[in-house]
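The block underneath contains the structure these notes are about, expressed in structure tokens.
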There are 2 protein chains.
Amino acid sequence: MAKDIFHELVKNALQKNGWQITHDPLTLKLSKRNIFIDLGAEKILLAEKNSQKIAVEIKSFVGFSVLTDFYHALGQYQLYSLALANDYPDWILYLAIPKETYKILKSDDLLSELLDKLQIQYLIFDSENKDVLQWIN
Amino acid sequence: MAKDIFHELVKNALQKNGWQITHDPLTLKLSKRNIFIDLGAEKILLAEKNSQKIAVEIKSFVGFSVLTDFYHALGQYQLYSLALANDYPDWILYLAIPKETYKILKSDDLLSELLDKLQIQYLIFDSENKDVLQWIN
């Protein structure tokens with residue numbers, strides 16, 4: 001399992017924003033094999049006396065084609081969501097992608113329509129200003 | 001655009017089953033670029049005095065990992081469906097995959113659940129008995 005080039009960036013940004021990394025990676029059973037989601041993290045919500053738990057799959061989109069990387073990320077997100085819901089029903093899966101990539105995807109009418117339809121949760125990260133995270137639900 | 005190794009097999013099997021190949025490939029507009037679905041085909045339905053039209057994306061699943069090929073095929077199918085619905089509203093998109101691959105995917109509980117959920121239309125082909133096609137809607 002090759003570590004994604006933005007792995008440390010997202011991990012550090014989560015920690016700076018009060019998240020505790022609980023899994024690196026988060027291992028799930030997928031029938032006969034294991035799958036690995038990049039990170040599991042937890043944040044204590046004092047007001048509600050419970051915690052919020054997330055799994056984060058990080059995509060750098062540094063491949064040859066944004067579209068090819070996008071296909072892969074979509075299919076993977078949908079399968080991981082289902083596997084996560086089976087094993088960890090109260091966790092939410094986020095797809096972490098660079099700000100620039102999100103902008104490109106959203107600027108395309110058809111890709112944007114597909115993104116809205118698939119109800120993916122995003123964690124947008126800024127590869128220059130490393131602390132900044134934006135959550136899109 | 002690399003031609004898939006099973007391209008000719010599926011094309012011939014469609015023709016032997018009474019389909020006329022109308023596009024090879026079928027080009028669709030995706031905002032600023034073109035995408036290419038492997039085949040477009042049409043069959044005249046005499047009883048209904050009209051024709052059935054399909055677009056077929058062929059996947060060989062000969063890559064390193066069935067799962068990686070599967071992610072890619074899923075994402076691509078969903079985007080192509082949307083693009084096809086925009087440009088050719090009365091056409092139906094089929095994902096053509098080898099019989100053996102379909103069997104592997106369906107034997108996995110989670111993959112099978114995802115396949116059912118995504119409402120993909122399959123065209124299963126037999127790479128040994130080259131005329132045989134199975135339609136799964």
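The values are calculated or read from the model by the stated rules, or taken from the named source; none is laboratory data. From a predicted model like this one, the values you see are computed outputs, not experimental measurements. Don't worry about glycine lacking a Cβ; one is built from the backbone with ideal geometry, like all the others, and counts go over all protein chains shown.
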Restricting the range B:2-14 to residues that are surrounded by 13 or more Cβ atoms within 10 Å (Cβ to Cβ) and not aromatic (Phe, Trp, Tyr), the residue that is nearest to the other protein chains (Cβ to nearest Cβ): B:Asp4
Residues (within 9 Å of chain B (Cβ to nearest Cβ) and more than 20 Å from A:Glu113 (Cα to Cα)) located in the range A:47-78: none
A:Trp135 more than 18 Å from B:Leu118 (Cα to Cα), aromatic (Phe, Trp, Tyr) and either touching a Gly at 6+ places or on another chain (Cβ under 9 Å) or within 9 Å of another protein chain (Cβ to nearest Cβ) (or both): no
Counted residues, the range A:86-104 - those being within 11 Å of chain B (Cβ to nearest Cβ) and more than 17 Å from A:Arg33 (Cα to Cα): 1
The one condition in (1) closer than 21 Å to A:Gly75 by Cβ; (2) in contact (Cβ under 8 Å) with a residue 60 or more places away in the chain that B:Ala13 fails to fulfil: (1)
Checklist (1) surrounded by fewer than 20 Cβ atoms within 10 Å (Cβ to Cβ); (2) modelled with pLDDT under 90 applied to B:Tyr71, failing item: (1)
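Results for (1) under 16 Å from the mean Cα position of the chain (by Cα); (2) farther than 27 Å from B:Leu105 by Cβ; (3) modelled with pLDDT of 95 or more, shown as yes or no for each residue.
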residue: B:Gln20; (1), (2), (3): yes, yes, yes
residue: B:Lys32; (1), (2), (3): no, yes, no
residue: B:Ile44; (1), (2), (3): no, yes, no
residue: B:Ser51; (1), (2), (3): no, yes, no
residue: B:Lys59; (1), (2), (3): yes, no, no
Near pairs, Cβ below 9 angstrom, 6+ apart or cross-chain, from the range B:104-117 (more than 14 Å from A:Gly75 (Cβ to Cβ)) to any residue that is part of a helix (DSSP H, G or I) and modelled with pLDDT under 85: B:Ile104/B:Val66
Test: residue in the range A:5-22 that is in a strand (DSSP E or B) and out of contact with any helix residue (DSSP H, G or I) (no Cβ under 8 Å at 6 or more places or on another chain): yes
Members of the range A:110-131 that are in contact with a strand residue (DSSP E or B) (Cβ under 7 Å, 6 or more places away or on another chain) and assigned to a loop (DSSP other than H, G, I, E, B): A:Ile120, A:Gln121, A:Ser127
Qualifying position, being surrounded by fewer than 16 Cβ atoms within 10 Å (Cβ to Cβ), more than 14 Å from chain B (Cβ to nearest Cβ) and under 14 Å from the mean Cα position of the chain (by Cα), among A:Asp24, A:Asp38: A:Asp24
